[in-house]
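Down below is the structure, laid out as structure tokens.
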Amino acid sequence: MGDEIERRYFDAEDFSGFRARLDEETVLLRDLFSRKEFSERGDVAGFELEAWLVNDAGDPVPENLRLLETLNNPLVVPELAAFNIEFNGSPSALTGKVFSRLNDELDATWQASRAAAEANGCHLVTIGILPTVREEMLSSQFMSRMVRYHTLNDRVMALRDGRPLDVNIEGDPDLVTRHPDVMLEAATTSFQIHLQCKPQRAVRDFNASLAVSAPIVAASANSPFLFGHALWDETRIPLFEQAVNVGSRYPSRVNFGRGYVEESLVEIFEENQQDHLILIPAIKEDPPSKFSHVRFHNGTLWRWNRPLIGFDFDGQVHLRIEHRVVPAGPTIKDCIANAAFYFGLVRGLGLESSAIETALPFEVARDNFYTAARYGLNARVRWIRGSRLEELGVRKLIVDELIPLARRGLESVDIPGFEISEYLDIVAARVDSGQNGAAWQRRWVHLNGADLHALVQEYRIRQDQGDPVHNWSL
């Protein structure tokens, strides 16, 4: 879905042509899995970080194209809304001082982008949901000019027979609204973590990603406010799921999944092919070996953990996992610490004699995820204790069991102890203090009142200072 398309509207021949190419490429992909001909390079880290443009008051500013023209950096690109941008990072081997490399590159891009924003009279904020965004701002008037976004909106609304999107999220008070387009999705900004997998570990890595989604979203939650309502700690999760809901006649395109992968990741690509309608039939003239239609179709399905097909520098096909549960922010250091936690947990679970999916039922992992998204660090989840499942607080689980597990996982790929400590200690301190981004925002409002513009201004000041959120004052 990241590829731009040439035109907005399509006819029956486009859908037939895209379907034929999708079917051909899916068969070819299955053969590739059967022959085990994927790149053996693995343990490669990457990311995407989304951010907002705001004015001095903290309101969104729809000026991403002007900022991008000033910046002229291929690593920074537009997002769905004209007040959002996305930062991309260079892939880096998951070994040595990998987190310092990722942090230094992202921080350099961030600082250059801050300067470009200020030259255009605005500021950058990276946060799961910007508390000051108003529903009327999330309209097609402020959609980025990229053709693919307008086509996405056309197709989702067509599949819904033009019925507005219904949003219902529990909170204080509940948020109940109807929206005429997919622009609600623009309110959800995230830090997407990429892990290139060795093919022999891809199934375990993917299932581990599902299992650890709950503690990771609890530790990183940063989205408690939307349209003046105090909602879930990570409101981004239910909002995104409801923002591109194609209607009850079709499977959800944003979800946690239907179950663990059993034999290979081709199971998910075949599910894409067989169960999900083609959303945008943008035909490419690439050979089938480029999997252009498989990849584009997969890009219109936003699983919280999404397998990706990519290519190494020498053209070998590789497998990646995109871990989409983490919100943006609060600081660059917090983001990279969240990535370290994720990579460490996946590698740590891979060291265990038994795969996590043999002990933690998928339904439990899924329920844990939504519970953690709603309650953040106050969530109670079910986890493996010996030979049985036990309910416990997610903070205790993370501090007592998962941080040590992540440390072992990172040690196994030759990351130095001081590097591991620098980043995992941030997550540990955040969880131990009970102050992630969501908790800080709620506490600030409790002490200072529901002035969300002042909240964003204070958040931005602390974000610009760069200290991780567990150290932020109130």
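The values are calculated or read from the model by the stated rules, or taken from the named source; none is laboratory data. None of the values given here were measured: they were computed from a predicted structure. Please note: Cβ atoms are built from the backbone with ideal geometry, for glycine as well, and neighbour counts cover all protein chains shown. The accessibility values were calculated without ligands, DNA or RNA, using every heavy atom of the protein model including side chains. Shrake-Rupley method; radii C 1.70, N 1.55, O 1.52, S 1.80 Å.
Structure notes:
- Principal axis extents of the C-alpha atoms in segment 263-312 (largest first, rounded to whole Å): 29, 27, 18.
- Accessible surface area normalised per residue over segment 8-154 is 41 Å², counting heavy atoms of protein chains with a 1.4 Å rolling probe.
- Among 67-74, 182-189, 441-448, sorting by the average number of other beta carbon atoms lying within 10 angstrom of each residue, highest first, gives 182-189, 441-448, 67-74.
- Percent carbon-and-sulfur accessible area, the chain, ignoring ligands, DNA and RNA, probe 1.4 Å: 47
- DSSP H segments from the chain that extend 15 Å or more along their own axis, Cα-based, with Kyte-Doolittle mean of 0.0 or above: 332-351, 417-433
- When peptides 344-350, 50-56 are sorted by average Cβ neighbour count within 10 Å, with the highest value leading, the order is 344-350, 50-56.
- Rounded if a/c under 1.5, otherwise prolate or oblate - the chain, Cα gyration tensor axes: rounded
- Calculated accessible area for segment 198-290 comes out at 32 Å² per residue, all protein chains present (probe 1.4 Å; ligands, DNA, RNA ignored).
- Restraint check, 36/290; 36/284; 198/396; 284/333, Cα-Cα greater than 28 Å: 198/396; 284/333
- Cα gyration tensor, segment 7-149 - rounded (a/c under 1.5), prolate or oblate: oblate
- Overall form of segment 188-227 per C-alpha gyration tensor (a/c, 1.5; a/b vs b/c): prolate
- Neighbour net charge for residue 259 - beta-carbon separation under 11 angstrom, K R +1, D E -1: -3
- When segment 321-474 is described by a simple charge dipole with +1 on each Lys and Arg Cβ and -1 on each Asp and Glu Cβ, the residue from 353, 438, 463 located farthest towards its positive end is 438.
- Over all Cα atoms in segment 431-474, the spread is summed up by Rg and Dmax: 10.0, 29 Å.
- Relative packing of peptides 219-232, 135-148 - highest average C-beta neighbours within 10 Å first: 219-232, 135-148
- Inverse of mean 1/r across different Cα pairs in segment 295-402, Kirkwood, Å: 16.1
- For segment 377-474, the solvent-accessible area with a 1.4 angstrom probe is 46 square angstrom per residue.
- Among 34, 52, 85 - extreme Cα towards positive end, dipole of segment 1-156, charges at beta-carbon: 34
- Alpha-carbon centroid distance for the pair segment 430-474 / segment 67-128, whole angstrom: 22
- Distances between placed amide hydrogens fall under 5 Å for residue 165 paired with 179, 181, all partners being 5 or more residues away or on another chain.
- Estimated purely from DSSP H runs of n ≥ 4, each contributing -39500 (n - 2.57), the mean residue ellipticity at 222 nm for the chain is -13000 deg cm²/dmol once divided by its residues.
- The value of relative contact order for the chain, using C-alpha pairs under 8 Å at least six residues apart, is 21 percent.
- Shape summary: segment 75-154 maps onto an equivalent ellipsoid whose semi-axes, from the alpha-carbon gyration tensor, are 28, 17, 12 Å in decreasing order.
- Between residue 47 and 89, 194, the built amide H atoms are under 5 Å apart, and every one of these is 5 or more places off in sequence or on another chain.
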